[in-house]
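Trainee: Following this message is one structure expressed as structure tokens.
The values are calculated or read from the model by the stated rules, or taken from the named source; none is laboratory data. Nothing here was measured: the structure is a model prediction, and the numbers come from that model. Cβ sites come from the backbone with ideal geometry, for glycine too, and all protein chains shown count toward neighbours. Areas reflect the complete protein model, heavy atoms only, side chains present, ligands, DNA and RNA absent. Shrake-Rupley method; radii C 1.70, N 1.55, O 1.52, S 1.80 Å.
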Amino acid sequence: MKKLLLLVAMSVILGSVCAQDDVRYLTTAAFKTDVFDYTKDSVWQYKGDKPCIIDLYADWCGPCRRLAPIMAELAEEHCGEVVFYKVNVDKERELAYYFQASSIPMIIFIPVKGMPQVARGLQPKEMLEQAIQEVLLKKETKTDKR
């Protein structure tokens with residue numbers, strides 16, 4: 001019985017470590033430090049060591065509010081593989097301008113290598129999962145040299 005309780009306690013602790021930091025709020029200053037400093041560099045080069053997703057949203061936006069729990073689920077499911085960020089476009093206007101966020105929600109998929117890709121509007125979880133697999137977690141294929 002003690003072993004079972006210990007296992008349950010450990011899984012709760014380990015699960016909550018990941019869940020506490022699933023989605024991080026990103027400021028313009030943190031974006032320049034952790035993702036890409038567009039004021040210093042003209043050629044895109046992601047600074048992170050794990051792919052990331054940036055959710056540009058506003059508190060007043062209905063579709064953004066419906067997307068939030070989906071993004072939280074995905075962040076928990078991909079904990080340790082993908083970094084999830086949220087950017088409030090009303091508070092981080094410079095960053096919203098940089099991404100030309102004329103409509104929200106706007107989701108930016110940033111692979112470790114390569115260019116970011118954008119999805120606009122409320123997306124179903126299945127489509128977001130597909131983008132995570134294809135854009136962010138893709139495995140390099142070996143070329144056949146004959």
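Trainee: Going by what's in this entry, would Val82 be described as β-branched (Val, Ile, Thr) and modelled with pLDDT under 95?
Mentor: no
Trainee: Please go through segment 15-51 and give me each residue that is open to solvent by less than 60 Å² (accessible area, probe 1.4 Å), modelled with pLDDT under 95 and in a helix (DSSP H, G or I), ordered by number.
Mentor: Selection gives Gly15, Ser16, Cys18, Ala19.
Trainee: Looking at segment 74-94, can you tell me whether even one residue there is exposed (fewer than 14 other Cβ atoms within 10 Å of the Cβ) and in contact with a strand residue (DSSP E or B) (Cβ under 8 Å, 6 or more places away or on another chain)?
Mentor: Scanning segment 74-94, I find no residue that is exposed (fewer than 14 other Cβ atoms within 10 Å of the Cβ) and in contact with a strand residue (DSSP E or B) (Cβ under 8 Å, 6 or more places away or on another chain), so the answer is no.
Trainee: Restrict the check to segment 127-141 and report whether at least one residue is under 14 Å from the mean Cα position of the chain (by Cα), open to solvent by less than 50 Å² (accessible area, probe 1.4 Å) and β-branched (Val, Ile, Thr).
Mentor: Yes - at least one qualifying residue is present in segment 127-141.
Trainee: Moving on. What number of residues within segment 29-76 satisfy the criterion of being farther than 26 Å from Gln133 by Cβ and free of Cβ contacts under 8 Å to residues at least 40 places away in the same chain?
Mentor: 13
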